[in-house]
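Structure first, then comments.
The values are calculated or read from the model by the stated rules, or taken from the named source; none is laboratory data. Keep in mind that what you see is a predicted model, and the values were worked out from it rather than measured. Every residue, glycine among them, receives a Cβ derived from its backbone with ideal geometry; neighbour counts consider all protein chains shown.
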Amino acid sequence: MRKAVISRETRETKIQLELDLDGGSVSVDTGVGFLNHMLELFGVHGWLGLSVRCQGDTDVDFHHSVEDVGICLGQALKQALGDKKGIARFADRIVPMDECAALVALDIGGRPYLNFEKKMNGKVGEFDAELVEEFMRAFAFNAGVNLYIDLLKGGNLHHEAEAIFKALARCVRDAVKVVSDALPSTKGVL
């Protein structure tokens, strides 16, 4: 069973997240409209079952909710993969979104790292675009993945974020696919 349930409660957020790597429905309510949109398309384009509920201190701003949901999604991916036996491990995708294009490369090798090449500044509605990078950092470090993100062509901030999340979704889908019965490592561990 490649599923995980993560509960996280702090003074800033209360989160319940369920992830099924082999598919299912997508239901998201984080209290942050733009994050809802990004997570919905992440689930759909990753062919993942995903349920996210977050109550956060959005009266302060969206930072805590965005970062903490990223933490929970990363933990869920790590938990759902178990020993990682047989997974493809690596993936990369280029995804266009109108005038924008994002490149994402992923290694589910147990070594957390984020390289986010282009800073996103400005707002998408009330959402600070720089929070996309914060989400990705929280996700990568809690999932134990090496994540490389580059905007090959920028433009509208909404489109930039959407291209990134869709490319990440496709990478996750490709990297978690079971392709053998062996552990994909010459070291014998991931």
Does the stretch 37-56 hold any residues that are of a type in the set (Gly, Ala, Ser) and closer than 16 Å to Val95 by Cβ, and which are they?
-> Gly43, Gly46
Given the conditions (1) buried (at least 22 other Cβ atoms within 10 Å of the Cβ); (2) acidic (Asp, Glu); (3) free of Cβ contacts under 8 Å to residues at least 40 places away in the same chain, which single one is not true for Glu130?
-> (1)
Neighbours by Cβ (under 7 Å, 6+ apart or cross-chain): first from the stretch 70-92, on the phi > 0 side of the Ramachandran plot and part of a loop (DSSP other than H, G, I, E, B); second among the acidic types (Asp, Glu) and modelled with pLDDT under 95 | Gly86/Asp181
Restricting attention to the stretch 29-45, does a residue exist that is farther than 24 Å from His159 by Cα, in contact (Cβ under 8 Å) with a residue 12 or more places away in the chain and assigned to a loop (DSSP other than H, G, I, E, B)?
-> no
Within the stretch 86-127, how many residues turn out to be surrounded by 14 or more Cβ atoms within 10 Å (Cβ to Cβ) and among the charged types (D, E, K, R)?
-> 5
Checked pairs for the stretch 163-189, first part of a loop (DSSP other than H, G, I, E, B), second among the aromatic types (Phe, Trp, Tyr), C-beta under 9 Å and 6 or more apart or across chains, list as Pro184/Phe90
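May I ask you to say which residue of Lys119, Lys187, Lys166, Lys123 is within 26 Å of Asp61 (Cβ to Cβ), of a type in the set (Lys, Arg) and at pLDDT below 95? Break it down into steps so the answer makes sense when it comes.
Working: Lys187 fails: within 26 Å of Asp61 (Cβ to Cβ); Lys166 fails: at pLDDT below 95; Lys123 fails: at pLDDT below 95.
Exactly one of Lys119, Lys187, Lys166, Lys123 is within 26 Å of Asp61 (Cβ to Cβ), of a type in the set (Lys, Arg) and at pLDDT below 95, namely Lys119.
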Would you mind stating whether Val132 is touching a His at 6+ places or on another chain (Cβ under 9 Å) and under 19 Å from Leu39 (Cα atoms)?
-> no
Going through the stretch 14-28 one residue at a time, which ones are assigned to a strand (DSSP E or B) and either more than 14 Å from Ala169 (Cα to Cα) or polar (S, T, N, Q) (or both)?
-> Lys14, Ile15, Gln16, Leu17, Glu18, Ser27, Val28
Give the residues of the stretch 8-20 that are out of contact with any strand residue (DSSP E or B) (no Cβ under 7 Å at 6 or more places or on another chain) and closer than 17 Å to Gln75 by Cβ, sorted by residue number.
-> Glu9, Thr10
Number of positions in the stretch 156-175 that are touching an Asp or Glu at 6+ places or on another chain (Cβ under 9 Å) and among the hydrophobic types (A, V, I, L, M, F, W, C) | 4
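With respect to Glu67, determine if the residue is crowded, with 18+ Cβ neighbours inside 10 Å and charged (D, E, K, R). Can you show your working first?
Details: crowded, with 18+ Cβ neighbours inside 10 Å: yes; charged (D, E, K, R): yes.
The answer is yes for Glu67.
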Across the stretch 82-140, the tally of residues that are hydrophobic (A, V, I, L, M, F, W, C), within 15 Å of Leu151 (Cβ to Cβ) and more than 16 Å from the chain's Cα centre (by Cα) stands at 5
If Ala143 passes every condition in (1) out of contact with any helix residue (DSSP H, G or I) (no Cβ under 9 Å at 6 or more places or on another chain); (2) within 14 Å of Gly46 (Cβ to Cβ) but one, which one does it miss?
-> (1)
